[in-house]
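Report on one structure; see the data block that follows.
The values are calculated or read from the model by the stated rules, or taken from the named source; none is laboratory data. Here the structure is a predicted model, which means the values were calculated and not measured. Cβ coordinates were reconstructed from backbone atoms using ideal geometry, including for glycine residues, and neighbour counts include every protein chain displayed. These accessible areas exclude ligands, DNA and RNA; they are computed on the full protein's heavy atoms, side chains included. Shrake-Rupley method; radii C 1.70, N 1.55, O 1.52, S 1.80 Å.
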Amino acid sequence: REELPTSARTSLGSSDEYCELSDDQRVYNRLISGMHSSISLHIAHSYCLQIDPHHVGECLEWGPNTALAHERVLHHPDRLSNLYVAFGMLLRAVVKAGGAVAAAVPIEPPPNGEMNLYHDSALEWTESLLPQLTRLESTCPQTFDESLFFSSREQRLELQSKFQQLQEIMRCVGCDRCKLWGMLQTLGIGTALRVLFHGMDEETTDEPLELSRQEAVALVNTLERFSSALVFAQSLHSKHTGEDGSEMSLENGQSFSSLLIDSLTLDKLIDL
């Protein structure tokens, strides 16, 4: 097995302790870490730089906080790697879901008095978002082979159960905004796992994949959150270094494109 990054060894106690974790627990840890990295980059990208001294809870100036981005994510290769892993898993799930996403979000007549709002959102969905999702299957590479993800049905069920429990924990969060985003993204990751694992068991082999409207919305929204976090990582890095247009690289010289390839290799997903 490869040696763990220093930050990972510190948080886990030792590499030997980490290696004793089950495969499903390692994957769970990486997905949660990727979600944490995404949230941190979104916070750093739109950060309150100056609080209004005359109004409680109001901000005078919003903007990027590059120091925060580097402190929480960009100075930690393992955290950024985990973000790539989570993004790759979500991308593969959206591609595999295919028509199930479109079928779960039908165009229905709006309630009275909401025609304008309905028309704008329906137009964006049918003319922009849905065609982009449809093209993913032909334009995006297969990030990993989910048939090799877990051979054990018990491990698959255990991983899905962990995210179901996490969704229940999110219901106890006091901040309504934090609760909304937390439940949305944990549901998105949980849905991605359900999509990837669909058809692996005999009872689901011949059954078509069906998603609820909430699952489809959470899956696509979470993919957008993670993909925009990667864009923010590039822009925040460029602002920090003053570089423009060059490929982002880690402190050890490894390019982020090579990190992406490494992160999406299945044995890396389990071993790191």
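Odds and ends about this structure:
- The residues of region 33-64 that are in a helix (DSSP H, G or I), open to solvent by 40 Å² or more (accessible area, probe 1.4 Å) and touching a Ser or Thr at 6+ places or on another chain (Cβ under 9 Å) amount to a single one, His45.
- Taken over region 172-191, residues that are in contact with a helix residue (DSSP H, G or I) (Cβ under 6 Å, 6 or more places away or on another chain) and farther than 17 Å from His36 by Cα amount to 1.
- Residue check, Glu243 at pLDDT below 90, within 25 Å of Asp23 (Cα to Cα), surrounded by fewer than 16 Cβ atoms within 10 Å (Cβ to Cβ) and among the acidic types (Asp, Glu): no
- Filtered by the rule that a residue be open to solvent by 40 Å² or more (accessible area, probe 1.4 Å) and at pLDDT 90 or above, region 185-205 gives Leu187, Arg194.
- Test: residue in region 13-32 that is closer than 15 Å to Ala229 by Cα, modelled with pLDDT of 90 or more and assigned to a loop (DSSP other than H, G, I, E, B): no
- Residues of region 126-158 satisfying the condition of being β-branched (Val, Ile, Thr) and modelled with pLDDT under 70: Thr143
- Taken residue by residue, region 114-125 has no member that is open to solvent by less than 50 Å² (accessible area, probe 1.4 Å), modelled with pLDDT of 80 or more and of a type outside the set (S, T, N, Q).
- Here Leu209 qualifies as touching a residue at least 40 places away in the same chain (Cβ under 8 Å) and not aromatic (Phe, Trp, Tyr).
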